[in-house]
Amino acid sequence: MTDWIERLRPGELPVFKRTKAVVTAMSDRREAITARQLAAEVLADPLASYQLLHTINKKVGERYGTEVTTVEHGLMMQGIGAYIDAARKLSVLEDTPAARDPYVVRKLHALTRRAQHAAWQARDFAVLHADVHAEEVQVAALLYHLPEFLLLLRAPELAPRWYRARRRMGATAADQAVLGTTLDTLRPALLAEWQLPATSRELLVMASGERPRQCIVSACVDIAERSERGWWDEALVTDYIALAGVENTPVETIVATVHANAARVARACDWIAAPPAAAWCPMLPGPWPPDEDDMDEAAAQRPAPSPRPPEPAATTAPPAAPAPPSPPATPATPAASSAPAPSAACPVPDKQVFQQSLKNIEAHLDGSYTINQMSAVILKGLHSGLGLARILFAMVTPDGTRVKTRFTLGVASDDPLRHFEFPLAGKDLFAQLMGKMQGVWLNDGNRAKLLPMIAPHLRPLVGDNEFFAMSLHQGDRPIALIYADRGRDGSVLDPLTYTDFKMLCLQAARGLAKVKS
C-alpha cells in the first residue's frame with residue numbers, strides 16, 4: 001500500500017472545463033456572490049472540491065491546528081475574490097493526458113455522476129435528520145470517491161483491467177488482484193495523506209454505521225453505486241431500511257425521497273456526459289444498453305475479419321428491414337417491489353425467498369448484521385416469501401413503556417396503520433401478546449371474540465382485515481411485535497401461511513437478539 005500512497009500523494013488536481021468557466025465568469029459580480037452560491041458550483045465538481053479542501057486544510061492546519069470541514073467554510077477562509085482569481089490558473093481536465101483516453105474519460109464522467117449523486121442524497125437526508133452541519137455529511141460522501149478518481153488520473157493504464165476484474169469477481173477480490181490492496185484499506189490512509197479533515201474521515205468509518213451520520217453516508221454511497229445500472233437491486237432495500245431507521249420515516253417515503261433526489265441531481269448536473277441514475281427510474285420497455293466494458297473486452301478478443309472483395313452495385317431495391325423484436329417485460333423498480341400499494345393485488349408467495357430468508361438469518365447469528373440489515377431480511381421474507389401486503393415492525397421504546405412502529409412496508413402514506421402504538425403495560429390484545437412470545441391470527445371465526453379486545457384507538461388502524469401478529473422476545477424480555485395482513489382488498493389468510501409466519505417470526509427473534517449494537 002505504501003507504493004500507492006506515494007503514487008497518489010497530494011498534488012494539483014484538474015477541474016472540469018465547465019467548473020473553471022462558471023467560476024471565472026463570476027469575476028465581474030464577485031461582490032454580489034455569496035460563499036454558498038460559489039460552494040454550490042464547486043461541490044458539483046468533486047475534483048475542485050478535493051483540491052480546495054486539501055489546499056485550505058494544509059494551510060489552516062499548519063498555521064492554526066484546526067480543520068475546515070465544508071467547501072463553504074473553505075471559500076470563506078480563502079476569500080471569494082481570491083478563489084475566483086485563483087480559478088483562472090486551475091488546470092482543466094479536458095486538457096490533461098487523461099482526456100486523450102476515451103475509456104478513462106468515460107469512467108471519470110460516470111464516477112463524477114456517482115459522487116454527485118451520493119453527495120446530494122447524503123446532504124438531503126442529513127437535512128431531514130435536522131443536522132445543522134449537513135454539508136459535512138455531503139463532503140464525506142464526495143471524499144469517499146477520492147481514491148478512485150486518483151487511480152483514474154494517476155494510473156490510467158490499469159483502468160480497463162481493474163474495472164473488468166471488478167465486474168467479473170467483485171470489488172474486493174479485483175482490488176487485491178490488480179492493486180494489491182483494497183480501496184477500503186487505501187482510503188483512510190490516502191485521505192490522511194491529503195490532510196483532509198478528520199471529521200470527514202470519521203464519517204467514512206462504515207463500521208460505525210449505526211450512528212446516524214455514518215449510516216446516512218454509508219447508505220447514500222451504496223445507493224449511488226447500485227443505482228448506476230438500475231433500481232431493482234434487492235440490496236437497496238437494506239439501504240432504505242437503514243435510512244428509515246435514522247429518519248424515523250416509513251420505508252415507502254424513503255424510497256420516494258431517494259428517487260426524487262436522483263431526479264434533482266440529474267437535472268442540476270446535466271453537463272456530465274454520462275447517464276444519471278435517474279434515467280433508469282422509469283424502466284421503459286426496450287433492450288438494456290450493452291455494457292461498454294463488456295463490448296470493449298469482446299472486441300479485443302474477437303479475431304480481425306478477413307478481407308472481403310467489393311460487392312457489385314445493387315440493381316434492385318434492398319429488402320425491408322426486419323420488424324423490431326418485442327420489448328422485454330419492464331423490470332420492477334424498488335418503489336414497486338418494496339412498497340406495494342395497499343389496493344394492489346398481494347404479491348405471489350415465493351417459497352424459495354421464504355426459505356432463503358430463514359437461511360440468511362441463521363447465517364448471521366454471529367452478530368455480523370445490524371438491526372437495519374436484519375429487518376430487511378425479515379421484511380423481505382414476509383412480503384415476497386409469504387405474499388403479505390402490509391407489514392408493520394414495531395419495537396419496544398428505549399424506556400420500556402410503549403411499543404411503537406419502527407418500519408412499515410406496503411403501508412400507504414395516508415394509512416392510519418402507520419400510527420400503530422400502544423402501552424406495553426396495557427390490557428388490550430396486542431399488549432397481552434407481549435406478555436410472552438406468542439402469535440394470533442384474527443379471522444372470521446374468532447373476530448367476534450378478539451375484536452373487542454383491541455383498544456378502541458387501534459381498531460380503525462387495523463380495519464376489517466384478517467391479520468397475523470406475533471410478539472418477539474429476547475429471553476424473557478419483549479423486544480418487538482410484527483403485524484401483517486394482505487391489504488384492504490378482502491384477501492383472506494390461510495393456516496399454512498400462518499404456520500410459516502410464526503416460523504419466520506421465531507427465527508426473526510433469534511436474529512434480532514444477535515444484531516450489532
Subject >> Matching option when the condition is modelled with pLDDT of 95 or more and out of contact with any Cys (no Cβ under 6 Å at 6 or more places or on another chain), among GLN116, GLN51, GLN121, GLN78 >> reply: GLN51
Original post:
Which of the residues that make up segment 69-96 are open to solvent by 30 Å² or more (accessible area, probe 1.4 Å) and of a type in the set (Val, Ile, Thr)?
Top reply: ILE80
Subject >> Flag if GLU135 is at pLDDT 95 or above, within 30 Å of GLU31 (Cβ to Cβ) and open to solvent by 10 Å² or more (accessible area, probe 1.4 Å) >> reply: yes
Original post:
Given (1) in a helix (DSSP H, G or I); (2) among the aliphatic types (A, V, I, L, M); (3) closer than 30 Å to GLU157 by Cβ, where does ALA40 come up short, assuming only one miss?
Top reply: (3)
Original post:
Pick from segment 134-181 the residues that are touching a residue at least 60 places away in the same chain (Cβ under 8 Å) and of a type in the set (Ser, Thr, Tyr): which of them is nearest to ARG106 (Cα to Cα)?
Top reply: TYR163
Original post:
Given the residues THR66, THR19, THR55, which is the only one that is of a type outside the set (D, E, K, R) and part of a loop (DSSP other than H, G, I, E, B)?
Top reply: THR66
Original post:
Of all helices (runs of 4 or more DSSP H) completely enclosed by segment 296-399, which ones contain at least 2 residues that are over 22 Å from ASP485 (Cβ atoms), open to solvent by less than 90 Å² (accessible area, probe 1.4 Å) and modelled with pLDDT of 80 or more?
Top reply: 351-363, 371-380
**OP:** Evaluate segment 468-476: report whether one residue or more is open to solvent by 60 Å² or more (accessible area, probe 1.4 Å), touching a residue at least 12 places away in the same chain (Cβ under 8 Å) and outside any loop (DSSP other than H, G, I, E, B).
**Re:** yes
**OP:** Would you point out which residue out of ALA110, ALA130, ALA99 is open to solvent by 10 Å² or more (accessible area, probe 1.4 Å) and assigned to a loop (DSSP other than H, G, I, E, B)?
**Re:** ALA130
**OP:** Looking only at segment 218-231, decide whether some residue is of a type in the set (Ser, Thr, Tyr), open to solvent by 30 Å² or more (accessible area, probe 1.4 Å), out of contact with any Phe, Trp or Tyr (no Cβ under 6 Å at 6 or more places or on another chain) and touching a residue at least 12 places away in the same chain (Cβ under 8 Å).
**Re:** yes
Original post:
Does segment 212-230 contain at least one residue that is at pLDDT 90 or above, in contact with a Cys (Cβ under 9 Å, 6 or more places away or on another chain) and among the acidic types (Asp, Glu)?
Top reply: no
**OP:** Kindly list, by first and then second residue, each pair from a residue in segment 53-73 that is over 17 Å from ALA35 (Cα atoms) and free of Cβ contacts under 8 Å to residues at least 40 places away in the same chain to a residue that is of a type in the set (A, V, I, L, M, F, W, C) and buried (at least 21 other Cβ atoms within 10 Å of the Cβ), limited to pairs with Cβ atoms under 7 Å and residues at least 6 apart or on different chains.
**Re:** VAL60/VAL68
Original post:
Got a number for residues in segment 446-467 being at pLDDT below 90, part of a loop (DSSP other than H, G, I, E, B) and under 26 Å from LYS380 (Cβ atoms)?
Top reply: 2
Original post:
How many residues does segment 26-37 contain that are in a helix (DSSP H, G or I) and either open to solvent by 80 Å² or more (accessible area, probe 1.4 Å) or among the aromatic types (Phe, Trp, Tyr) (or both)?
Top reply: 4
**OP:** Can you tell me which residue within segment 400-423, out of those that are at pLDDT below 90 and either closer than 19 Å to VAL353 by Cβ or polar (S, T, N, Q) (or both), is farthest from the chain's Cα centre (by Cα)?
**Re:** SER413
**OP:** Please go through segment 477-517 and pick out each residue that is among the β-branched types (Val, Ile, Thr), in a strand (DSSP E or B) and open to solvent by 10 Å² or more (accessible area, probe 1.4 Å).
**Re:** ILE479
Original post:
How many of the residues making up segment 147-189 are hydroxyl-bearing (Ser, Thr, Tyr) and open to solvent by 40 Å² or more (accessible area, probe 1.4 Å)?
Top reply: 2
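The values are calculated or read from the model by the stated rules, or taken from the named source; none is laboratory data. Computed from a predicted model, the values in this text were never measured in an experiment. Cβ sites come from the backbone with ideal geometry, for glycine too, and all protein chains shown count toward neighbours. SASA here: full protein model, heavy atoms, side chains in, ligands and nucleic acids out. Shrake-Rupley method; radii C 1.70, N 1.55, O 1.52, S 1.80 Å.
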